[in-house]
Amino acid sequence: MEKRLSGQKALVTGANSGIGAAVAQRLAAEGADVVINWLFNEDATREVAEKINKAGGGKAIGIKADVSNEEQVDAMFKQMFKEFGTIDILVNNAGIEIHNLLENMSKAEWDKVIGVNLTGNFLCSRAAVRQFLKNENRPHSRSRGKIVNISSVHQVIMWAGFSSYCATKAGINLFAQSVAQEYAEKKIRINSVAPGAIKTPINQNVWSDPKGMADLMTKMPYGRMGEVEDVAAAVAFLSSDEADYITGTTLYVDGGMCLYPEFRFGG
Ligand code: NAD
């Protein structure tokens, strides 16, 4: 595999499962040293780190932190800088969804989703940008630092029962674009990848149920669920110098989910 990220240091949040694990492996395969942030399941973290370290690309270490907790996030970055010296690439991937209709949604449920998906993005982005601004003479990249957010098609597609999730993903979009505007002149790039339906633990209830899959396929022009590698490839591209002129945008990796598939047979 082409080593577009050799010598760079990356941190991927929520990286011991699903999309995050695939992103960590892809960035390492392209040469980056990677922090696997995790909160639950130390064994899974060890497995992902071992896979990466055996593969012979960049190396991996796990660091535990709840991304919604300011002290833990700051401590995680401090540990990363001690181990790796700096950060070049942050991938804000950690995310959760809690199903509920508005009338039944507790404040605790709302706070939880906002805390992980949106406040977590803010805390990690702030810590990364503070360090990017100190990055001088990074010979491996034309940019001083890159952030890639794992957003969702639900930053634009409304989703009944998941209004808190949609609020966070839409929020990430304009937060990221505003921050991209703030730091473009400093050569810091901030973009998002918006996956459609990717086969991971977060949506196991859908892909493990034939009826759920049949329904999903009606929303999926490309005729298949996405794989984690589809998302990882997009993240690696946006992290690399090939995307050096791209900032403040969203790359949809959704098999056409945003194409209003219901309109295919007439309006
Ligand atoms: P996943 O459940 O496998 O991954 C989520 C990860 O976030 C897990 O590793 C989890 O432990 C971690 N996490 C949760 N709370 C955390 C916290 N407070 N601190 C640190 N880590 C925490 O599911 P996934 O599908 O791989 O989801 C990854 C991202 O992709 C999420 O942001 C999700 O919204 C987004 N996404 C997924 C899909 C999809 O179809 N799978 C579609 C669109 C967007």
Model label zone, I61; criterion: amide N under 20 Å from point 7 Å along Cα-to-beta-carbon; scope the stretch 1-33: 6-17, 21, 24-33
Crossing angle, helix 18-29 versus the chain [Cα axis fit, 0-90 degrees, rounded to tens]: 30
Overall form of the stretch 126-245 per C-alpha gyration tensor (a/c, 1.5; a/b vs b/c): prolate
10 Å binning of all Cα-Cα separations within the chain, expressed as whole percents from 0 upward: 7, 31, 37, 19, 5, 0
Low-density loop cleavage sites - GluC sites (Glu not before Pro) in the stretch 85-153, where at most 10 other Cβ are within 10 Å (DSSP): E136
Net +/- balance of residues flanking A194 in space, Cβ distance below 15 Å, scoring K and R +1, D and E -1: -1
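When only Cα pairs under 8 Å and 6 or more residues apart are kept, what is the percent relative contact order across the chain? If you can, show how the numbers build up before the last one.
On the way: 526 pairs, mean separation 50.5, N = 267.
Taking the mean separation of contacting Cα pairs over the length of the chain, I get 19 percent.
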Packing-based exposure ordering (other Cβ within 10 Å, fewest first) of I150, I96, I198: I96, I198, I150
The stretch 131-267: relative contact order as a whole-number percent, Cα under 8 Å and 6+ apart: 30
log10 of Debye I(q)/I(0), alpha-carbon scatterers only, for the stretch 1-121 at 0.11, 0.12, 0.18, 0.21 Å⁻¹: -0.38, -0.44, -0.87, -1.10
Trypsin sites (Lys or Arg not before Pro) within the stretch 92-186: DSSP coil, no more than 16 neighbouring Cβ in 10 Å: K134, R142
Loop-located GluC sites (Glu not before Pro) in the stretch 188-267 whose Cβ has at most 15 other Cβ within 10 Å (DSSP): E227
On Cα atoms only, tilt of 120-132 relative to the major axis of the chain in degrees: 30
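Excluding R144 itself, calculate the net charge of residues whose Cβ lies under 11 Å from the Cβ of R144, where each Lys or Arg counts +1 and each Asp or Glu counts -1. Write down the numbers at each step before the final one.
Values: positive: K134, R138, R142, K146, K186, K187, R189; negative: D88, E136, E185.
Residues near R144 contribute +4 overall.
Cα convex hull of the stretch 148-187: mean projected area in nm², to one decimal? Please list the in-between numbers first.
Working: hull surface 11.4 nm².
Dividing the Cα hull surface by four gives the mean projection, 2.8 nm².
If you take the beta carbon distance between D241 and A160 as r and set R0 to 51 Å, what does 1/(1 + (r/R0)^6) give as a FRET efficiency, to the nearest 0.05? Provide the component values of the computation, followed by the final result.
Details: r = 41 Å, r/R0 = 0.81.
The calculated FRET efficiency here is 0.80.
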Estimated 222 nm signal from helices in the chain, with DSSP H stretches of n ≥ 4 weighted -39500 (n - 2.57), rounded to 500: -12500 deg cm²/dmol
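None of the figures in this text is laboratory data; all of them are computed from the coordinates on show. Being a predicted model, the structure only gives us computed values, none of them experimental. Neighbour counts are summed over all protein chains in view; Cβ atoms, including those assigned to glycine, are modelled from backbone coordinates with ideal geometry.
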